[in-house]
Amino acid sequence: MNFDLNQWYSEKIDEDAIFDYMGRIEDVDVTDILQSIEQILKDRNESPKLFKKIFNVLVELVQNLHHHGEVPFDFDVSYEKFGVLILRDEGTQYRICAGNFIKIDGLRLIRDRIDQINTLSSTETQSLYRIILENEQFSEKGGGGLGMVDIARKSGNNMEYQFFEYDPNFLFLAIDVII
Amino acid sequence: MNSLIIEGSPKTPNINFDGDEGSFLISGRSIPENSLDFYKPIIEWLDTYISEPKEATIVNIRLEYFNTSSSKCLLDVFKKLEVIFKRGQKVGINWYYEADDEDMLEAGEDYQSIIKIPFTMIEEE
């Protein structure tokens, strides 16, 4: 059975969800999402240290959606960037869930990258960050994988991920980051 | 030499590069989707500055947040200034971070490990 995005999304939106968004991820939407979450965290008087960590990880995840969030062929929309973002307060931790469609041939690259980062110690993550920063060429679409390394480094936790088959061309990738 | 002044926005930093004083400031947030576009005129301005730099150049970095897309551009800024440092000119980078913002301190240390210019880490309350 094919993946049902609306069902998956509705199951994620329970009483722990303090922000949720599903839709277009153009420049203006990135700005709106970040401003909304910033206000939510300010209203909750979250500690500056945790606030900064969450915000830093959010920036990378939302911009990742902006650069890589594909729109499947059967979506009847005029925009070209699509993504999902949910922020949950689970009591002892925050969980940020970012989801986007990817072309099936991109699966291995992303999966291998996350798996590699998840095996690293904090010192190794720092070393990898410095190696990429110093040596990789960045493009308009991203920073040579630096975003994922930065997320792991700032959160201090492994990224959890799931791939769902959507159609013959696209997978839905959901990444959870716990802070 | 002319100064380079760019007013900050919710996603881009304030830039105040005083070419006559050799005093440069980058402050605020640097989280644009495409940092290459934002930093291009800054790098071009630096190309002119390093052809005739002041005897001493001091760079103050007071960033609240920066994304990984900006991180490479910041490195490019420092690499431009490293050219004149290697020529024997005096260059220093003051890296400001808020007390208990270990991530920002570590970010400064990342650059310190790559760039030969002396860094001063300055904790602020």
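The values are calculated or read from the model by the stated rules, or taken from the named source; none is laboratory data. None of the values given here were measured: they were computed from a predicted structure. Glycine also receives a Cβ, built like all others from the backbone with ideal geometry; neighbour counts cover every protein chain displayed.
Scanning the range B:72-114 for residues that are crowded, with 20+ Cβ neighbours inside 10 Å, of a type in the set (A, V, I, L, M, F, W, C) and within 14 Å of chain A (Cβ to nearest Cβ) turns up B:Cys73, B:Leu74, B:Val77, B:Phe78, B:Met104, B:Ala107.
Restricting attention to the range B:5-15 and to residues that are without any contact (Cβ under 8 Å) to a residue 40 or more places away in the chain and touching a Ser or Thr at 6+ places or on another chain (Cβ under 9 Å), the residue that is surrounded by the most Cβ atoms within 10 Å (Cβ to Cβ) turns out to be B:Ile15. No other residue among A:Leu120, A:Leu171 is more than 23 Å from A:Arg88 (Cα to Cα), away from chain B (no Cβ under 14 Å) and touching a residue at least 60 places away in the same chain (Cβ under 8 Å) apart from A:Leu171. Applying a threshold of 7 Å to beta carbon distances and a minimum spacing of six or more residues, or different chains, the list of pairs starting in the range A:10-28 at a residue that is loosely packed, with under 14 Cβ neighbours inside 10 Å and ending at one that is part of a strand (DSSP E or B) and among the acidic types (Asp, Glu) reads A:Ile13/A:Asp20. Among helices (runs of 4 or more DSSP H) entirely within the range A:1-75, having at least 3 residues that are within 11 Å of chain B (Cβ to nearest Cβ) singles out A:27-43, A:48-68.
Restricting attention to the range B:5-40, and to residues there that are in contact with a Leu (Cβ under 9 Å, 6 or more places away or on another chain) and either of a type in the set (Lys, Arg) or under 15 Å from B:Leu81 (Cα atoms) (or both), which single residue is modelled with the lowest pLDDT? In this case the residue turns out to be B:Lys11. Of everything in the range A:76-105 that is among the charged types (D, E, K, R) and within 14 Å of another protein chain (Cβ to nearest Cβ), the residue that is surrounded by the most Cβ atoms within 10 Å (Cβ to Cβ) is A:Lys81. With respect to (1) surrounded by 18 or more Cβ atoms within 10 Å (Cβ to Cβ); (2) among the polar types (S, T, N, Q); (3) at pLDDT below 95, the lone exception for B:Asn2 is condition (1). Scan the range A:80-112 for residues that are farther than 18 Å from A:Arg24 by Cα, over 13 Å from the mean Cα position of the chain (by Cα) and part of a strand (DSSP E or B) and report the count. Qualifying residue count for the region: 3.
Each row is one residue, and each column tells you yes or no for (1) among the aliphatic types (A, V, I, L, M); (2) at negative phi; (3) assigned to a loop (DSSP other than H, G, I, E, B); (4) within 14 Å of chain B (Cβ to nearest Cβ).
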{"residue": "A:Ile114", "(1), (2), (3), (4)": "yes, yes, no, no"}
{"residue": "A:Thr125", "(1), (2), (3), (4)": "no, yes, no, yes"}
{"residue": "A:Glu134", "(1), (2), (3), (4)": "no, yes, no, yes"}
{"residue": "A:Gln137", "(1), (2), (3), (4)": "no, yes, yes, yes"}
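For the range B:16-41, which positions are crowded, with 21+ Cβ neighbours inside 10 Å and more than 11 Å from every other protein chain (Cβ to nearest Cβ)? Listed by number, the residues that qualify are B:Phe17, B:Phe24, B:Ile26. Of the set (1) within 14 Å of B:Ile26 (Cβ to Cβ); (2) buried (at least 18 other Cβ atoms within 10 Å of the Cβ), all apply to B:Lys54 but (1). Residues in the range A:91-135 that are over 27 Å from A:Ala17 (Cβ atoms) and touching a Pro at 6+ places or on another chain (Cβ under 8 Å): A:Ile104 only.
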